[in-house]
Amino acid sequence: LCVTAADTANYCPPNVLDSCWFYYITPCRPLDLSVLCPLPCFSFVACSSAAMVFAVSDTSGFGIDTARAYFTVIESHPSGLADTSFLSSPSANIIFDFALDTTIAVWDDWTDGDSITIILDSLFSLDGCPTTP
């Protein structure tokens, strides 16, 4: 953006302003996601508090917004009925682990015999770039 301006003075030369400003807009780069899940994947476990684990690679370079992770949880009961709930961080049921690789573990005290589906709806980098799987 460049601006050139001059005033008209009656008794002295005009004041001239000639300035430019440069703005750089970085394109939005979403985070890279994959599902680690309980190993082996799609397995049955006896533990009612088993976690679904998502691996996140910060390809944006800005960091992961741990306050903006959104999940849908579908709990299917043996009766054939299902309950849908939504989890968002911060929550005691969503744990971010930055030890070696970034992972997100989602868990709850599931009812024995239920089938649980956990879907990561969206996650954001610290610059506000949304990631949808």
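Can you find, within region 75-90, the residue that is least open to solvent (accessible area, probe 1.4 Å) among those that are free of Cβ contacts under 8 Å to residues at least 12 places away in the same chain and assigned to a strand (DSSP E or B)? Outline the logic, then answer.
Restricting attention to region 75-90, the residues satisfying the condition of being free of Cβ contacts under 8 Å to residues at least 12 places away in the same chain are 79-83.
Then keep just the ones that are assigned to a strand (DSSP E or B); that gives 82-83.
Working: Ala82: 58, Asp83: 85 Å².
Applying the filter and picking the extreme gives Ala82.
In region 50-71, what residues are crowded, with 17+ Cβ neighbours inside 10 Å and among the β-branched types (Val, Ile, Thr)? Result: Val53, Val56, Ile64, Thr66. Taken as a whole, the condition of being open to solvent by 60 Å² or more (accessible area, probe 1.4 Å) and of a type in the set (Gly, Ala, Ser) does not apply to Ser122.
The values are calculated or read from the model by the stated rules, or taken from the named source; none is laboratory data. Just so it is clear, the structure is predicted and the values come from calculations on it, not from any experiment. FYI the Cβ positions are ideal-geometry reconstructions off the backbone, even for glycines, and counts take in every protein chain you see. Note: accessible area is taken over every heavy atom of the protein model, side chains too, but ligands, DNA and RNA are not part of it. Shrake-Rupley method; radii C 1.70, N 1.55, O 1.52, S 1.80 Å.
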